[in-house]
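Notes follow once the structure below has been shown.
The values are calculated or read from the model by the stated rules, or taken from the named source; none is laboratory data. This structure is a prediction, so every number in the text was calculated from the model and none was measured. Neighbour counts run over all protein chains shown; Cβ positions are idealised from the backbone, glycine included. Quick note on the areas: whole protein, heavy atoms, side chains included, nothing else; ligands and nucleic acids left out. Shrake-Rupley method; radii C 1.70, N 1.55, O 1.52, S 1.80 Å.
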Amino acid sequence: MTIFAVIGIKLDGPSGSMGNAISQTELPNLSVTDNTWLVADSGTAKQLGDKIGLSDGLTGTGVITEVGSYWGRADPAVWSWIKQHWGTAADG
């Protein structure tokens, strides 16, 4: 699976909140801040946007980027989540 960073700009739209939409996909995800999530999916950034209602603006506006590498300083839970989902098969 690929890890994507979902960065919300406007977090609510006509069909609800982006955070709720991400949770309802049942894809592995981690809320990093109030407006940023890491999401593991086997599709493309566009397909993830379709799943969470971002493509048509139903859950707000934002940007989805595919994570190609990573570095930084964060809570150990973030590093554990990335390690668990980095390059895993879609069936786990």
**Study point:** Test set (1) open to solvent by 30 Å² or more (accessible area, probe 1.4 Å); (2) without any contact (Cβ under 8 Å) to a residue 60 or more places away in the chain - Thr65 fails condition number
**Key:** (2)
Exercise for review: Could you list all residues from the range 33-50 that are within 19 Å of Thr88 (Cβ to Cβ), open to solvent by less than 80 Å² (accessible area, probe 1.4 Å) and more than 10 Å from the chain's Cα centre (by Cα)?
Suggested key: Gly43, Thr44
Practice item. Take the residues in the range 51-69 that are outside any loop (DSSP other than H, G, I, E, B) and either within 12 Å of the chain's Cα centre (by Cα) or hydrophobic (A, V, I, L, M, F, W, C) (or both), then tell me which one is nearest to Met1 (Cα to Cα). Key: Glu66
Exercise for review: Just give me the residues in the range 3-19 being open to solvent by 40 Å² or more (accessible area, probe 1.4 Å), closer than 22 Å to Thr44 by Cα and assigned to a strand (DSSP E or B), in sequence order.
Suggested key: Ile7, Ile9, Lys10
**Study point:** Residue in the range 20-45 that is farthest from Gly87 (Cα to Cα), counting only those that are in a strand (DSSP E or B) and in contact (Cβ under 8 Å) with a residue 40 or more places away in the chain
**Key:** Val32
